[in-house]
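Asks: Handing you this structure, nothing more for now.
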Amino acid sequence: MNARSTAPSVALVTCSEVPDLDPEGQHLLAALRERGLDARPVVWDDEDVDWSAPDLAVVRSTWDYATRRAEFLAWAARAAGATRLLNPLPLLEWSTDKHYLAELEAAGLPVVPSAFVEVGDEGDHPYLDVEHVVKPAVSAGSRDTLRLGAHEAARSRAHVAAVHAGGRSVLVQPYLTAVDDVGETALVFLDGELSHAMRKAALLPAGGGLVEGLFAHEDMAPREPSAAEVEVGRAVVAEAARRARAAGAEPALYARVDLLPDDDGAPRVLELELVEPSLFLDHAPGSAVRLADAVVRRLADPGGRGTAA
């Protein structure tokens, strides 16, 4: 994107592995163009891109950020200095490291129990004697993530050590077995409002290996979320909006809140996705249109303060 057209211009930010966007990104691209916008995909680390050219840059399919977080955030800071970046830089910085889960819990939100094992920490993590999940604190698409049984202590220790060897912190969580029957609930919020929800089948098979490729395949279907799930989702998005305002930034254009049921069936936050989430625009009719309309509203509201939060 090197020159402006007369129409407002929108860069849909992607990675070199999917330079033309993934399927849902194509739906959004079409919806934006139908609204008269000059929209096109742009690879985030393409050194030839002039980031002052688009009126708005929307981060969408930057799936490779997890192994290059420092480089990605340095790019985001440059882009945010040249154009309007959504989601905004403070939310990208905060939500690309899953230590944010501890902050959500401290804010009183129900989070899947989480323990962080930092590089150099000694001793075993607290979930070694139950079925659990080990993943990097900076990760995406279930890569470098293992589901481990209580009988796999040696494998668990080895995976923690392998992640640490790459200089990365580790997140360990007990495996909430209800997900095997109920699945995850993914709540998608566009401009602060609930747009749609999906059921995601359990991704991690017992005894399975590491994901190959950009991300794990997801088995999905539309879902009508419960009132309790919606309440938790709204509270999480409101907390993200509070943090954005505190940093002088506008609230998220999009957010996905992933929930798991605990042993009592109550929803707990597994992840808050603000960077590159699948929003299932190609599975939820009308959702690409709703996101395109949200982009149009942001373009008409330069400060971004008139949006729902």
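Asks: When the range 223-241 is examined, which residues are found to be open to solvent by 50 Å² or more (accessible area, probe 1.4 Å) and under 18 Å from the mean Cα position of the chain (by Cα)?
Replies: R234
Asks: Something else: Do the conditions hold for R68, that is, is it under 24 Å from L279 (Cα atoms), not aromatic (F, W, Y) and not in a loop (DSSP other than H, G, I, E, B)?
Replies: yes
Asks: All but one of (1) touching a residue at least 60 places away in the same chain (Cβ under 8 Å); (2) touching a helix residue (DSSP H, G or I) at 6+ places or on another chain (Cβ under 8 Å); (3) open to solvent by 10 Å² or more (accessible area, probe 1.4 Å) hold for S16, so report the exception by its number.
Replies: (1)
Asks: Same structure again: When you look at R256, is it crowded, with 17+ Cβ neighbours inside 10 Å, part of a strand (DSSP E or B) and modelled with pLDDT of 95 or more, yes or no?
Replies: Taking the combined requirement at face value, the residue satisfies it.
Asks: Working only within the range 111-146, note down all residues that are open to solvent by 30 Å² or more (accessible area, probe 1.4 Å), more than 20 Å from the chain's Cα centre (by Cα) and either within 30 Å of R242 (Cα to Cα) or not small (G, A, S) (or both).
Replies: Passing the criteria: E118, V119, D121, E122, D124, P126, Y127, D129, V130, E131.
Asks: In addition: Identify the residue in the range 27-65 that is part of a helix (DSSP H, G or I) and open to solvent by 50 Å² or more (accessible area, probe 1.4 Å) and, among all such residues, is nearest to S278 (Cα to Cα).
Replies: H27
Asks: Can you name the residue in the range 85-110 that is in a loop (DSSP other than H, G, I, E, B) and charged (D, E, K, R) and is also surrounded by the most Cβ atoms within 10 Å (Cβ to Cβ) among such residues?
Replies: By that ranking, first place goes to K98.
Asks: Determine, yes or no, whether V170 is crowded, with 16+ Cβ neighbours inside 10 Å and under 25 Å from G192 (Cβ atoms).
Replies: Against the criterion (crowded, with 16+ Cβ neighbours inside 10 Å and under 25 Å from G192 (Cβ atoms)), V170 does not qualify.
Asks: Still on this structure: Hey, among D181, D263, which residue is at pLDDT below 95, open to solvent by 20 Å² or more (accessible area, probe 1.4 Å) and either closer than 25 Å to D144 by Cβ or part of a helix (DSSP H, G or I) (or both)?
Replies: After applying the criteria, what remains is D181.
Asks: Find the residue count for the range 147-159, including only residues that are outside any loop (DSSP other than H, G, I, E, B) and surrounded by fewer than 19 Cβ atoms within 10 Å (Cβ to Cβ).
Replies: 5
Asks: Of the residues that sit in the range 184-219 and are among the small types (G, A, S) and at pLDDT 70 or above, which one is surrounded by the fewest Cβ atoms within 10 Å (Cβ to Cβ)?
Replies: A201
The values are calculated or read from the model by the stated rules, or taken from the named source; none is laboratory data. These numbers were taken from a predicted model, which means no experiment stands behind them. We place every Cβ from the backbone using ideal geometry, glycine too, and count neighbours over all the protein chains shown. Protein only, heavy atoms only, side chains kept; ligands, DNA and RNA dropped before computing areas. Shrake-Rupley method; radii C 1.70, N 1.55, O 1.52, S 1.80 Å.
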